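Report on one structure; see the data block that follows.
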Amino acid sequence: MQAIQVFAEHYNYVVTIFLMMAGLYIVIARGNMIKKLIGLSIFQTSVYLLYITPAKIIGGTAPILDPAFKVYSNPLPHVLILTAIVVGVATLALGLALVVRIKEAYGTVDEDEIFAKDGEQ
Amino acid sequence: MTAISAQLPALQVVLPLLGAVLAALMRRGTPAFALTLAISWTLPFISGALLYQTLTGDPISYRLGGWEPPFGIEYRVDVLNAFVLMLVSSVGAVILPFAHRSVASEIDEDKHAWFYCMYLLCLAGLLGIAITGDAFNAFVFLEISSLATYVLIALGRDRRALLSAFQYLIVGTIGATLYVLGVGLIYLVTGTLNMHDLSTRLVEAYAVYPQPVLAGLAFIVVGVGLKLALFPMHVWLPNAYAYAPSVVSAFLAATATKVAVYLLIRFSFGVFGKAVAFPTLTVTDLIVGLSIAAMFVGAAAAVYQTDLKRMLAYSSVSQIGYITLGVGLANQAGLTGGIVHLANHAIMKAALFLALGAAVYRIGTCKLNDLSGIGRRMPLTMTAFAIAGFGLIGTPGTAGFISKWYLALGSLEVGGWPLLLAIVASSMIAVVYVGRVVEVMWFREESPHVKGASEAPLAMLLPILVLAAATVYFGFDTRATAGIATRAAEMLIGGLR
């Protein structure tokens with residue numbers, strides 16, 4: 001019973017850890033470069049969740065000074081993650097652009113095949 | 001004049017950032033080069049002024065946008081990061097005259113302006129990491145410089161450059177993400193991102209939540225360790241340096257890893273120092289162990305390389321080991337040695353990579369056998385190569401000796417003779433890989449590639465000679481390097497609990 005309670009209370013963190021490990025696993029285990037980038041994105045997303053989870057307060061509003069509202073969510077982590085999302089998108093875009101160039105140069109996006117091709121030279 | 005001097009910390013980053021945009025808009029290589037040259041030669045004067053201010057007075061605190069720290073982003077310049085700023089901006093400036101011809105010969109013409117754009121962007125990112133006093137802001141700059149770096153590496157001629165850039169992108173992004181993760185954990189327990197504020201608030205937070213704080217430190221050390229290529233997280237580095245354009249190899253070897261080391265020093269001593277007594281943690285033993293492994297594995301791998309750029313890259317892995325050894329020793333002499341080797345290694349490695357770049361410019365290859373006898377054809381360039389190579393070994397009379405001297409002193413204090421022996425033994429391996437190259441370059445029959453080669457053009461030769469001269473100069477006059485490094489180490493050690 002207690003284990004279920006701990007799980008429920010830390011549900012977001014459990015998801016964070018799962019996404020983090022899943023993302024990292026894909027990056028390491030997959031040879032396909034597109035899949036690697038997807039794994040990388042999942043890995044980054046897990047960190048977004050880690051930042052946002054403690055910042056969101058149930059029933060909290062945006063921090064607007066008004067006598068009607070007493071409970072606010074912390075806006076700073078949201079803003080930080082907005083920045084991190086932009087960085088993540090830029091990284092993903094650059095990674096995909098590189099994969100396009102690699103595909104042009106090697107004719108494949110699979111790492112093992114690419115290593116095999118360079119070995120022939 | 002005072003109006004400008006008050007804004008110097010912001011200008012240090014804003015100038016290259018705006019310059020990058022302008023360079024991209026110019027579309028043509030030569031005007032973009034002229035602009036980059038103007039900007040990169042202005043930057044050392046700015047960082048020089050900042051260094052002078054911090055050496056003679058208190059740390060500079062600059063409020064970005066007028067927001068008061070710790071609420072707004074603060075640029076905080078003390079002796080340590082003024083030194084790093086000076087190093088990065090000087091190397092960026094000295095290398096650039098070399099770039100024009102080298103880039104013209106190695107990169108397609110329609111991409112020249114983009115090269116200079118990325119160069120400035122990378123410079124802006126690196127200077128930003130060094131100058132900022134905000135942990136999250138450092139992440140943003142880390143990614144700015146990293147993204148620019150991936151592009152710079154991918155500009156290399158060989159198609160394997162693309163592959164190296166992709167692999168570095170994966171590893172670099174994982175490193176940066178782990179860093180944010182660590183910063184997130186310490187933000188959760190302290191509620192602040194300002195490094196100076198963190199250092200005091202972590203004391204309280206550590207008493208209540210020791211595990212998240214230590215986990216944060218661990219994530220940051222591993223994340224930054226990936227960026228600085230600490231053994232065994234160095235696998236991306238040899239390929240990236242080997243296939244990048246010559247100027248990029250020199251620039252990255254001299255600056256990118258150094259700034260990452262700065263970040264490691266800043267966090268382990270500056271941010272966590274007050275709270276967790278960094279020198280007593282297991283992580284310092286771990287860093288010392290990995291550093292020694294890096295010193296040997298890097299140097300041993302360098303001995304077996306036939307591609308000289310790759311050899312220098314493995315040598316970088318080994319030399320980074322010396323720097324992090326200084327961090328791991330965490331005493332006055334060791335840390336001084338680490339910080340001073342930051343600068344000395346940057347100077348020597350830039351000279352070596354540029355000398356190879358000049359050889360590639362003249363004969364189109366940097367395979368060891370193709371370079372045999374090149375010393376007689378390009379005597380000045382290869383003399384500079386030999387001098388910087390001796391610096392890597394740590395020969396007395398070169399800058400490398402100074403760093404190893406301090407490291408040896410620091411090692412004796414902590415680990416006694418075995419550690420000292422490790423430093424000497426790994427230097428002996430450096431004798432092998434440097435000596436082998438010098439022998440082939442000077443004492444062998446000329447290879448068919450080398451026949452007809454002549455000395456490098458003046459614009460390429462001058463940066464190489466300046467860097468080689470600096471290698472010797474800083475071997476004798478250590479006021480500018482070891483003097484400042486000692487003060488920085490005193491400040492860091494003094495800030496520890």
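Where a number appears in this text, it was derived from the coordinates with a stated rule and is not lab data. No experiment lies behind these values; they were computed from the predicted model shown. Here the Cβ is made from the backbone with ideal geometry for all residues, glycine too, and neighbour counts use every protein chain on show.
Spin-label model, residue A:110/residue B:442: points 7 Å from Cα along the beta carbon direction are separated by 5.1 nm. Restricting the calculation to Cα atoms, every distinct pair contributes to the Kirkwood radius of chain B, found to be 22.3 Å. Annotation for segment A:43-112: trypsin sites (Lys or Arg not before Pro) lying in DSSP loop with at most 16 further Cβ atoms inside 10 Å of their Cβ are A:56, A:70. In units of the compact-protein estimate 2.2 N^0.38 Å, segment A:2-120 shows a Cα radius of gyration of 1.48. Modelled this way, with points 7 Å down the Cα-to-C-beta line, the labels at residue A:5 and residue B:304 are 5.8 nm from one another. Amide H contacts for residue B:134 (H built 1.01 Å from N in the peptide plane; partners 5 or more residues away or on another chain; cut-off under 5 Å): B:74, B:195. The charge dipole of segment B:121-245, taken about its Cα centre with unit charges on the Cβ of Lys, Arg, Asp and Glu (plus for the first two, minus for the last two), comes to roughly 440 debye. Calculated mean residue ellipticity, 222 nm, chain B: -26000 deg cm²/dmol, from DSSP H runs (n ≥ 4) at -39500 (n - 2.57) each, averaged per residue and rounded to 500.
Rg and Dmax of segment B:274-388, both derived from C-alpha coordinates alone, stand at 17.3, 58 Å. Between residue B:215 and residue A:79, the FRET efficiency from the beta-carbon distance, with R0 = 25 Å, is close to 0.55. With Rh defined as the Kirkwood radius, the inverse of the mean 1/r over Cα pairs, the Rg/Rh of the protein assembly as shown is 0.97.
Between the beta carbons of residue B:472 and residue B:367, assuming R0 = 35 Å, the FRET efficiency works out to 0.75 to the nearest 0.05.
With θ taken as phi - 60° and the Karplus curve 6.51 cos²θ - 1.76 cosθ + 1.60 applied, the whole-hertz 3J(HN,Hα) list for segment B:270-282 is x, 7, 8, x, 5, 7, 10, 6, 2, x, 8, 6, 5 Hz, x standing for glycine and proline. Per-peptide packing, taken as the mean over residues of other Cβ atoms within 10 Å, places A:62-69, B:411-418, B:303-310 in the sequence B:303-310, B:411-418, A:62-69 from highest down. Can you work out the base-10 log of I(q)/I(0) for segment B:279-497 at q = 0.10, 0.11, 0.13, 0.15 1/Å, using the Debye formula on its C-alpha atoms alone? The Cα Debye sum returns log10 ratios of -0.44, -0.52, -0.70, -0.89.
The modelled label-to-label distance for the pair residue B:159/residue A:89, using points 7 Å beyond Cα in the direction of Cβ, is 3.3 nm. For segment B:125-241, the Cα-based Rg and Dmax, in that order, read 16.0, 54 Å.
Whole-Hz Karplus values for segment A:96-113 come out as 5, 4, 5, 5, 4, 5, 5, 4, 5, 7, 10, x, 8, 10, 9, 4, 4, 5 Hz, taken residue by residue from phi with 6.51 cos²θ - 1.76 cosθ + 1.60 and θ = phi - 60°; glycine and proline positions read x.
Segment B:391-435 and segment B:44-79 have Cα centres separated by 35 Å.
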